[in-house]
1. Going through segment 53-78 one residue at a time, which ones are surrounded by fewer than 21 Cβ atoms within 10 Å (Cβ to Cβ) and away from the ligand (no atom under 16 Å from the Cβ)?
2. I'd like the full set of residues that are crowded, with 17+ Cβ neighbours inside 10 Å and of a type outside the set (A, V, I, L, M, F, W, C), limited to segment 342-377.
3. Filter segment 108-166 down to residues that are of a type in the set (A, V, I, L, M), in contact with a Pro (Cβ under 9 Å, 6 or more places away or on another chain) and not in a helix (DSSP H, G or I), then give me how many there are.
4. Against the conditions (1) more than 16 Å from the ligand (Cβ to nearest atom); (2) loosely packed, with under 15 Cβ neighbours inside 10 Å, where does residue 176 fall short? Just the number, please.
5. Considering 152, 165, which residue is of a type in the set (Val, Ile, Thr), modelled with pLDDT of 95 or more and within 16 Å of the ligand (Cβ to nearest atom)?
6. Return a yes/no flag: does segment 388-398 have any residue that is under 25 Å from residue 70 (Cα atoms), of a type in the set (A, V, I, L, M, F, W, C) and surrounded by fewer than 17 Cβ atoms within 10 Å (Cβ to Cβ).
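The values are calculated or read from the model by the stated rules, or taken from the named source; none is laboratory data. This one's a predicted model, so the numbers in the text were calculated from it and none came from an experiment. Positions of Cβ are generated from backbone atoms using ideal geometry, with glycine treated the same way; all protein chains shown enter the neighbour counts.
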Amino acid sequence: MLDDFRAAGRREDILRAAVRRRLLDPEDALLACFLDLDAVAATVGALHDAFASVAAPVLHTFAAKANSLVPVLAELRRLGMGCEAASPGELAQALAAGFAPERIVLDSPAKTRAELAHALDLGIAVNADNFQELDRIDALLAARATPSASRIGVRVNPQVGGGSIAAMSTATATSKFGVALRDEGNEARLLRAYLDRPWLTWLHTHVGSQGVPLERIAQGVAAAVAFADRVNAEAGHRRITGIDIGGGLPVNFADDAVTPTFDDYAAALRAHAPRLFDGGYALVTEFGRSVVAKSGFVAAHVEYTKSAGGRPIAVCHAGAQVATRTVFVPGTWPLRVTAHDPRGVAKGGEKVVQDVAGPCCFAGDLVAEGRPLPRLDPGDIVALLDTGAYAFSTPFHYNSLPEPAVHGVRGDAAGGLRFETLRPATTVEEILARAGHRPGMADGV
Ligand SMILES: *Cc1c(COP(=O)(O)O)cnc(C)c1O
């Protein structure tokens, strides 16, 4: 992993090279996003290493919702990952990125009959969310002429409790996800469901995401493993052959340190659920944010600077359209912002408490409020760090702002940087089409 100093230096190198290549330009490219593909590769390597001692097959899938750009998914496929999809769109993206069906997991909580039938046809792994979905799968399997190659599991909610962010806590008593394992009668009912269905051979849980402590995630996984052990004991054979432990490793947004690490998580799992490592179960994981968040950043030009009520304000081109969660829930999703001159060089000098505002027409469109930063001037560049997941890849169409270009970056043998387009910026024509425009409308037709 890169330490703080090297990470900051690498970002500055990327910014300066991007300015030279006019990927960032005060006239034509006011806003651009970057994903450091070398850093992503290092992160995926750390993930593989952390689980290398599992004595059974392990498939690390990437939760597509964290960054669903097809070239990013294809890159993760080349790095040896599978893909977790949670909607028909994400499933299409996973297939378009070239993942083999047996390396895709479908997890949506609201799968239609048609989606289930499609997944069963292709041999995509399916995790049923509830007993009604299991009934649907029963009917679909019964109607098939040939067996499906899909691995089929049920998602359980171990109800071990949430974390500091309610919206990210999937294992509370009343979470909408999975079969609530501790609710009266549910464990016995689910046990029966497994014993009655020889094709039901997987178990799934995803205990939480940002804000949930590692220990709690590990306890939730341990509860799932204990249930699988119980099913297998009652069945008298290995009915459950694999466990999908979900994702949810939190990301540190405070500085460049990667903490917790995949190794930390594996150690917590080893402490709470040692059976996961002994080869009794094949393993699937579904990490999202921890794979890409820290490798991405948004860079935006400052258009104007002003002062209001004694507060300096820099109006830049990055706001709610690329940092939606930060703008709407700033206390929960604070982002680091760095200040650079028009060439991309980090600005020094005395820090001034200021607001960094976005381009959207609502007062709350601030990516940083009251933040001490070197004084920003028009033409400067601000970078929003750790935005490789759930940010620029999940844009908000407010004010009909375009989706900015996303560039992948790699170091080359000569010590330079190579850029590749992961997503072009939205054009005005695309914005019009998205808004229902048809040719000829302006003529009163
Ligand atoms: C969102 C989600 C993930 C990924 O969560 P991260 O916090 O990004 O790791 C994995 N599995 C399921 C079922 C999810 O809903």
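1. If the condition is that a residue be surrounded by fewer than 21 Cβ atoms within 10 Å (Cβ to Cβ) and away from the ligand (no atom under 16 Å from the Cβ), then 53, 54, 55, 56, 57, 70, 71, 74, 77, 78 are the ones that fit.
2. Hits for segment 342-377 are 344, 347, 354, 355, 358, 359, 365, 371, 374.
3. 3
4. Going through (1) more than 16 Å from the ligand (Cβ to nearest atom); (2) loosely packed, with under 15 Cβ neighbours inside 10 Å one by one, residue 176 breaks only (1).
5. Matching residue, one of 152, 165: 152.
6. No.
Residue-by-condition table, conditions (1) on the phi > 0 side of the Ramachandran plot; (2) over 28 Å from the mean Cα position of the chain (by Cα); (3) not hydroxyl-bearing (Ser, Thr, Tyr):
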{"site": "102", "(1), (2), (3)": "no, no, yes"}
{"site": "105", "(1), (2), (3)": "no, no, yes"}
{"site": "108", "(1), (2), (3)": "no, no, no"}
{"site": "118", "(1), (2), (3)": "no, no, yes"}
{"site": "150", "(1), (2), (3)": "no, no, no"}
{"site": "166", "(1), (2), (3)": "no, no, yes"}
{"site": "190", "(1), (2), (3)": "no, yes, yes"}
{"site": "193", "(1), (2), (3)": "no, yes, yes"}
{"site": "206", "(1), (2), (3)": "no, no, yes"}
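Yes or no, residue by residue, for (1) acidic (Asp, Glu); (2) closer than 18 Å to residue 157 by Cβ; (3) surrounded by fewer than 24 Cβ atoms within 10 Å (Cβ to Cβ):
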residue: 184; (1), (2), (3): yes, yes, yes
residue: 195; (1), (2), (3): no, no, yes
residue: 198; (1), (2), (3): no, no, yes
residue: 201; (1), (2), (3): no, no, yes
residue: 209; (1), (2), (3): no, yes, no
residue: 233; (1), (2), (3): no, no, yes
